[in-house]
Structure formats: structure tokens, C-alpha cells
Amino acid sequence: MDILTINGVSKRFGGLKALDDVNLKVKEGTVHAIIGPNGAGKSTLLNTLVGRIVPDEGTVEFNGAPLLGHNPYEINQAGIARVFQTPETFAELTVMENVMIPAFARKDGAFKINLWGRANDRRVVLEEAEEILEDLNLAAQRHQRVDSMSRGDKRRLELAMCLVQRPKLLLLDEPTAGMSRADTNNTVDLLKAIAKRGITKVIIEHDMHVVFSLASTVSVMAQGTVIAEGTPEAIKADPRVQEAYLGGAHL
Ligand code: ADP
Ligand code: MG
């Protein structure tokens, strides 16, 4: 089943067609990578999926319902979470406090809870948050203030803040951008550690090692449109991809 269907989406910025008839489907439970050169429209596409940009044309269906026209808050409550390139956390609060805010803000039908909910419900939320902090190597820092943490720690915390929302779809825009090889490998391990949660992921990634370690499907964007799609192996061997993406160099 497709959890996300993007049909004929276009977006113009003045004279520039940032998105030009994008068609893309994401299967539920998969990790779907989007690669492509700088300026291809990858981030613009993610921005349309979270309601930050409204396309000029096209439709998007998420989990069987139309997505376009909803605001970012509504889209988040419908089950789409996004990891930003610069982590967005509450600097003056602790790790645990940061994680509790989105956990208790969540109000999906399957698990309605609020601060005044039953103690048992609150315990479930806390246990789940603890487990997520363990998976992301943040448990030892649970009482640390965020403004005393490294950028890498904040990135992991932001991921934890997404996971406690139990999203149906997680969007990651270049999660390893600017990282050393060691930190990149670490991030891959963490994303593998959270794979057991079965959350569908769309990941924009420039690092081919990351793409090949995580994704089962790869879409290649160039000049605002999807020029190829397939398994990582097929994409690697596709001469059109070599040409568009790396000017003929080998992936
Ligand atoms: P990518 O993420 O693939 O590198 P982007 O989606 O960020 O590409 O950008 C696609 C094109 O759209 C680029 O030429 C970029 O300069 C342009 N663009 C993106 N956002 C805006 C905006 N808000 N206003 C004007 N142009 C934009
Ligand atoms: Mg981008």
C-alpha cells in the first residue's frame, strides 16, 4: 500500500520552476531516498509535504486523504513528522522535558492523552520516551540542559522528539549534512536502531553510503522533476542518473 502519492506537483518561484510535474509514490513501511544535485527541488518537495509551501499544481494523498490545503500543525497531527537541517529544540529545558512536550501534544485517535489523563496513560508515554532515549544513546543525558549539548546530541534529540509523536511518515532532509565520516556512520546506526518501529521514512541524502545502507527505493530528482526511480543497485547502474547527478562520474 502507498502511504504517500504525489501527483503532478509543480511550484514556481518567479521565473524558476523549482518543481516541475513531480510524480512519486512511497510504499508504507519502506525507507525511500531522494537524491539529486543541489537545486534539484528536493527540499522544496519536502516543504510541500509539511505544508510550508503550497504548490501551484498537483495533488498529494497521505494515508488515503488529500494533504494539500492543510496547515503544518494539521499535517503533523495527521502523522507526518520532519527532522530539520538545523535542530529545533528548547535550549533552556532538559532532554526529557524536550521529549515530553511533543509526546503529550500528540493526539492521534489511537492514543488520546493529555496532561490530565490517567496516570497509567502517562506511564506508557514515559516508558516509551525512555526507550526512545535508550535507542538514541541519550538516556544518560536525560536531565541535561539542551544548551549544554553538542550539535550532534541535539540532532539525536530532535529525532527523539519526532519519534515520541509516533509518526506514520518521517521526513529527513540531509540528516548527515556537514558530518564527519564517523558521525555519519553513527547516524546510519541510529536510523537502523529505530527501524524496528516500522515508521515509513523519506530521506533526502547526498551521501551514497547512507543511501545504500538504509533505502530500499531511490528516486532521483534533477531540475525539479523525478528522472529515475528504482532499487539502489538499479539507480547506481543507470547511465541517465550518472549523467544528471554526477556529470558522468561513477556513483
Ligand atoms: P535542493 O534541496 O534539491 O538542493 P531546493 O528545493 O532547495 O533544492 O531548491 C530548488 C530551487 O528552488 C533552487 O534553485 C532554489 O534556489 C529555489 N528556491 C527554493 N526555495 C525558494 C524560495 N523560497 N524562493 C525562491 N526560490 C527558491
Ligand atoms: Mg535541500
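Of everything listed in (1) surrounded by 22 or more Cβ atoms within 10 Å (Cβ to Cβ); (2) more than 29 Å from S213 (Cβ to Cβ); (3) of a type in the set (K, R), the single unmet condition for R82 is (2).
Of the candidates A222, A193, A182, the single residue that is farther than 24 Å from L170 by Cβ and not charged (D, E, K, R) is A222. Is it the case that segment 58-67 has a residue that's under 28 Å from R151 (Cβ atoms) and surrounded by 14 or more Cβ atoms within 10 Å (Cβ to Cβ)? No, there is no match, as no residue in segment 58-67 is under 28 Å from R151 (Cβ atoms) and surrounded by 14 or more Cβ atoms within 10 Å (Cβ to Cβ). Residues that are more than 24 Å from A78 (Cα to Cα) and without any contact (Cβ under 8 Å) to a residue 60 or more places away in the chain are absent from segment 215-225 altogether. Among the residues of segment 177-196, is there at least one that is within 16 Å of ligand 1 (Cβ to nearest atom) and farther than 29 Å from A65 by Cα? So far as segment 177-196 goes, yes, one or more of its residues are within 16 Å of ligand 1 (Cβ to nearest atom) and farther than 29 Å from A65 by Cα.
Let me confirm something: among K42, K25, which residue is surrounded by fewer than 16 Cβ atoms within 10 Å (Cβ to Cβ), within 24 Å of I194 (Cα to Cα) and not β-branched (V, I, T)? The unique qualifying residue is K25. The combined condition, being within 16 Å of ligand 1 (Cβ to nearest atom) and outside the structural domain of E174 (by TED's automatic domain parsing), is fulfilled by F84.
Here I101 fulfils each of the conditions (1) modelled with pLDDT under 95; (2) not assigned by TED's automatic domain parsing to the domain that holds R145 apart from (2). Scan segment 53-63 and give yes if some residue there is closer than 18 Å to A215 by Cβ and either in contact with a Pro (Cβ under 9 Å, 6 or more places away or on another chain) or more than 12 Å from ligand 1 (Cβ to nearest atom) (or both), otherwise no. No, there is no match, as no residue in segment 53-63 is closer than 18 Å to A215 by Cβ and either in contact with a Pro (Cβ under 9 Å, 6 or more places away or on another chain) or more than 12 Å from ligand 1 (Cβ to nearest atom) (or both). Residues in segment 192-206 that are of a type outside the set (V, I, T) and either more than 22 Å from R142 (Cβ to Cβ) or free of Cβ contacts under 8 Å to residues at least 24 places away in the same chain (or both): K192, A195, K196, G198, K201, E205, H206.
The values are calculated or read from the model by the stated rules, or taken from the named source; none is laboratory data. All values derive from a computational prediction rather than experimental measurement. Every residue, glycine among them, receives a Cβ derived from its backbone with ideal geometry; neighbour counts consider all protein chains shown.
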